[in-house]
1. So if I restrict to the alpha-carbon atoms in region D:1-68, what is the Rg, and what is Dmax, the biggest pairwise distance, in Å?
2. How fast does the protein assembly as shown diffuse by Stokes-Einstein, in µm²/s, taking the Kirkwood radius from C-alpha pairs at 10 °C and 1.306 mPa s?
3. Report the C-B buried area as the accessible area lost on both sides summed, probe 1.4 Å, in Å² to the nearest 100.
4. In whole Å, how far is the Cα centre of region D:44-88 from that of region C:245-277?
5. Counting only Cα atoms, I'd like the Rg/Rh figure for region A:235-277, Kirkwood definition for Rh.
6. Return one number: the angle in degrees, 0 to 90 and rounded to the nearest 10, between the long axis of the Cα atoms of helix B:78-89 and the longest principal axis of the Cα atoms of chain B.
7. Any idea what the relative contact order of chain D is, in percent, if you count C-alpha pairs under 8 Å spaced at least 6 apart?
8. Name the long-range amide H neighbours of C:H2: under 5 Å, sequence gap of 5 or more, or other chain; modelled H, no Pro or chain starts.
Amino acid sequence: MHDPRVPEALEGWSVLHQMFRIRWADWRARPDEERRLLAAEAAGALAAMRREGEGASVPVTLLGHKGDLMLIHLRRGFDELQAAQLAVAGLGLAAFLEPTTSFVSMVELAMYEMTLQIHRRLGERGLEASTDEFEAAFDAEMDEQKKRVAARLFVDPPARRHVCFYPMNKRRGEQKNWYAESIEERARMMLDHGRIGRHYAAQVTQIISGAIGFDDWEWGVDLFADDPLVFKKLIYEMRFDEASAWYAEFGPFYVGLQFSACELPKYLAGEVPKLLS
Amino acid sequence: MHDPRVPEALEGWSVLHQMFRIRWADWRARPDEERRLLAAEAAGALAAMRREGEGASVPVTLLGHKGDLMLIHLRRGFDELQAAQLAVAGLGLAAFLEPTTSFVSMVELAMYEMTLQIHRRLGERGLEASTDEFEAAFDAEMDEQKKRVAARLFVDPPARRHVCFYPMNKRRGEQKNWYAESIEERARMMLDHGRIGRHYAAQVTQIISGAIGFDDWEWGVDLFADDPLVFKKLIYEMRFDEASAWYAEFGPFYVGLQFSACELPKYLAGEVPKLLS
Amino acid sequence: MHDPRVPEALEGWSVLHQMFRIRWADWRARPDEERRLLAAEAAGALAAMRREGEGASVPVTLLGHKGDLMLIHLRRGFDELQAAQLAVAGLGLAAFLEPTTSFVSMVELAMYEMTLQIHRRLGERGLEASTDEFEAAFDAEMDEQKKRVAARLFVDPPARRHVCFYPMNKRRGEQKNWYAESIEERARMMLDHGRIGRHYAAQVTQIISGAIGFDDWEWGVDLFADDPLVFKKLIYEMRFDEASAWYAEFGPFYVGLQFSACELPKYLAGEVPKLLS
Amino acid sequence: MHDPRVPEALEGWSVLHQMFRIRWADWRARPDEERRLLAAEAAGALAAMRREGEGASVPVTLLGHKGDLMLIHLRRGFDELQAAQLAVAGLGLAAFLEPTTSFVSMVELAMYEMTLQIHRRLGERGLEASTDEFEAAFDAEMDEQKKRVAARLFVDPPARRHVCFYPMNKRRGEQKNWYAESIEERARMMLDHGRIGRHYAAQVTQIISGAIGFDDWEWGVDLFADDPLVFKKLIYEMRFDEASAWYAEFGPFYVGLQFSACELPKYLAGEVPKLLS
Amino acid sequence: MHDPRVPEALEGWSVLHQMFRIRWADWRARPDEERRLLAAEAAGALAAMRREGEGASVPVTLLGHKGDLMLIHLRRGFDELQAAQLAVAGLGLAAFLEPTTSFVSMVELAMYEMTLQIHRRLGERGLEASTDEFEAAFDAEMDEQKKRVAARLFVDPPARRHVCFYPMNKRRGEQKNWYAESIEERARMMLDHGRIGRHYAAQVTQIISGAIGFDDWEWGVDLFADDPLVFKKLIYEMRFDEASAWYAEFGPFYVGLQFSACELPKYLAGEVPKLLS
């Protein structure tokens, strides 16, 4: 059903963020040879997870106590995410990883403008909402869109050094309530919101994923940039647009350094791991 | 007493959701033979819990850190739920299961329309509320209804791969307060809310359970679907109806894959377990 | 001082609720003989705690992860509660009990109507509030009341199978604020609230205790019933009365099965323990 | 600077509340002789902390799971508090103490009336706020006050059996905001609030400490009484005054029994420890 | 892009606050010689982290249970912060340090007045916002400013004994919403807010860092003073200015004693460590 109040969305990768604290003291207490073997096993497993068209698993070393290591798994579906979760749990290294949090979602493109347009277009063709003919025509339009944006739905995470992840909600307050605003109002605010993002497009890559029905927040945001100051500037600036000022609720922020799977052994030996190009 | 402000409800299964994190590293450290025995014992116990008319215990492997394994126990009463809880605690496998959360409730059908109708009908018959005659006539009507919907109150969980569970409340805010709205208003909003559910009826099976007096949220919602995207679409669409936009408060979401009890040993060996038909 | 805004209350038992998770795996790992001895010691200690006029200690096995075992200690004062707490901590079984939460309170009867009446009566006798004569006359009236309701203040917990415990507050919101309402309004709302309770009087026994100054919520509610469905019906119905809809804030709910102290060894052996009459 | 909106305060002892859970099972597992030595060492150290003019360390055994033992350290400054903290951490007993929470503050007397008076008086003398002359005259007045109330700022905790501690804030809501009220209004409400306290003065000793800049709540309140029922009556009555009803936010409550340092070994052996006079 | 609603900010050091609880009992259980070696290693590593122009790592011993040891790392960038985090995790002492919390941010100077001035000045020069010419002229002005305040952006933490750290947000309430106020209003309130700080300038050194995009609060505040009472007076006074009364939300407060890295071994031996000049 295509409810005219609801912006259509297109979905791509299924996504699992895993955050782990490393039990450094226990790890360092193990013999050198054991550590070498376990680090190599883990690095190999992570590297093998980046397969053409099947998604990747991006390793990030976090700043602060919320976690040392974040893995972002992108997969075709939930069975594949469960396989990734089990593969990590099955590593010898897992005995030294303490899960601190996680996030389950699907890459998503919200289509506010498109939703309004299609409803208008089908209305002009004389199709009535909720009829089979309307629904079929709508689905056909959406399939078309999906093909057009497939590259963004099944995006390859960019090789940028700094990563910022946070979940967020739209507020459902007793007075300010996103879900009680008209779709025209919401579309207008999201357009304004998107404008800021586009000004930073060269400096930051953004992947939005939807988590309604999957996790405790409605959306997850992953930002990738060469300079972490861009995260601060961009998010601060957005805080003043109407959609964020009145309607955004932010969860915890995770910030860190993306690195190459093959650098994992160096990281586990206490060196800052590199992102190799 | 049948208070005209209060929608009648019919209750079925007593339900216990148990979420566990698996201590994978400790588990993997045990000898193969021990693991084989413990896994077989647990699989056998779970399989034996599905008995005609006595309820079932549905195993689900969760995505993310909130738990690895969810068991949904449906039973005739609280003594039987306690027996299930003790049976799980008594498994050899329990030494590797860390309880992370749980939910206690009863399968429930809310009867908004029916409540209004019976009050109207009994009023037309000249019966006065709170009299013994009224109460008896009301109870008789409800017994009739209960027989009619018994299959939905003592439902067998469907063999669909994806499971989504979340608890929720109706808001009692200082301005927006569900319990201060008239029953006519609430009935109207629930009707609208139910309409969305019915559009998705073919794609998703929904089991609502009431937890007032039993747990920290007022209701629990279990959804079963072949495609997890349906959870996202359905819950997002519902977020725009009046009952949800203004009055719903959502707890944590749990999402995962239902599997067959006999697949538990494979799961414990690190494979994604299947749902066999 | 008897402030006319403040409803008088009469207090009885000092109460300590203790919730414990049982470390089942550690417990089961102990030799049979040790378990038998420790279970017998604990059962004996619990049974000995039920002494005529000195209060009791009621064991309840809980559903869900919030705790396996709840002990409700009723005593003459806080020294006696501390003695009970130390006695439990001194059991050999205590090594397998992990305290998850607790609640400290005093059995309480709130006297809204009585407060209004006495103030009125003393006023009619020409006594002026805050004078020594007024205070003495007031105290005399309250002593009289206390004798009248002594049995309810030092109640013996009923032998009913199902137990529900939850703490609650009256809301002090920015707009809806219980403590800013007049005592007449509060008395009216509590009367209405109490009416629902009285409809269920045959089916459920209620013990209210006050925790202001002792614990993080203002009141604790213990309900005892043969059928747990009564908890759900009663609390749901109350949610619609004015005092609850606008002013009640609820804490976590604990639900379980009362059992006899002599059944503790069976429980610790994995059986659902009985409540013997 | 003496801002006319800000009530002056006078400060005395620096205060550290430490709450500990005792690992009873681990403790009881130690040989008698070791326990005897560790208990004697701890009792001696605590007793030695009560030194004329240098402050004291008050031991309290708590009811419930939030902690078994609370130590209230009163000292001349933060270096001395850190020394007390290190001294406790250095006891052999510390291996059996698990810190659950704490509170850092300074004994404080708020001078609402005095602040208004001094501003008025200096104004009448023709002194202008913010000038050096005004500031010096103000400081001189405050020094005078400080001498006058020195005994209350460096109070010796009274030898009363029951202790109640809780932290609190003044609300800064979107509508009800303590810090946006005029000082005259705040002074009026605090006067009313203080009146209730004075009615209970014979039954309860109150020590207020300020924690702004030191801990997560703005104030800490310690109450000492022979009868714990007084805590309940006093705090309930206060809940109806304007300052509390609309502006108070309460943190967790801790209640227990003060005891003499020399009784610590008995406590550690499982007896309720006494407060010796 | 220079949005006229957004106050410009200049950034300096990248900052990581790490809070640790020390496992005192485990530490004390180690042989003297081992402790001596580990303490010396840690003291040496900390001392070596203070390098001209490359930032410092400031050790602070905290009061209360939220942590025993706080390290404030100031660095040139996030790679350098990650190196510091790994260096601490790699110490032998790390086995006795339990991370309790942390904070990731960048030293920041907010330029409210300057932002308004530059926009005005460029407007007077006839430059139009969002044009390349405008942006370039704006960037040039900011670079100029950055040189002027470099010493404050890359500040050396002062050798003052007492340290207070807390994170904070500006409120985005349903009625009171900082981000929905005009920049002129915000600039006016911040000016007023700053005035209080300047009155205390001689007594307290303040370092503000921005955490938007990096951590769960928007800003972190570090205060350094000889007398801790100044923290209380300053923050209490600020609570009455409009920017704080209506718009500030405060996180947890951490307070303690700065000490010299070479005093770490004494601290680990149970003495209060000194700040050597």
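The values are calculated or read from the model by the stated rules, or taken from the named source; none is laboratory data. Just so it is clear, the model here is predicted, and its values are computed rather than measured. Please note: Cβ atoms are built from the backbone with ideal geometry, for glycine as well, and neighbour counts cover all protein chains shown. Heads up: the accessible areas ignore ligands, DNA and RNA and are worked out on the full protein's heavy atoms, side chains in. Shrake-Rupley method; radii C 1.70, N 1.55, O 1.52, S 1.80 Å.
1. When restricted to the Cα atoms of region D:1-68, Rg and Dmax are 19.0, 63 Å.
2. Taking Rh from Cα pairs, D becomes 46 µm²/s.
3. 4000
4. 39
5. Ratio of gyration radius to Kirkwood radius: 1.30.
6. With both axes taken from Cα atoms, the answer is about 20 degrees.
7. This gives 27 percent for chain D.
8. Sorted by chain and number, the residues that satisfy this are C:S130.
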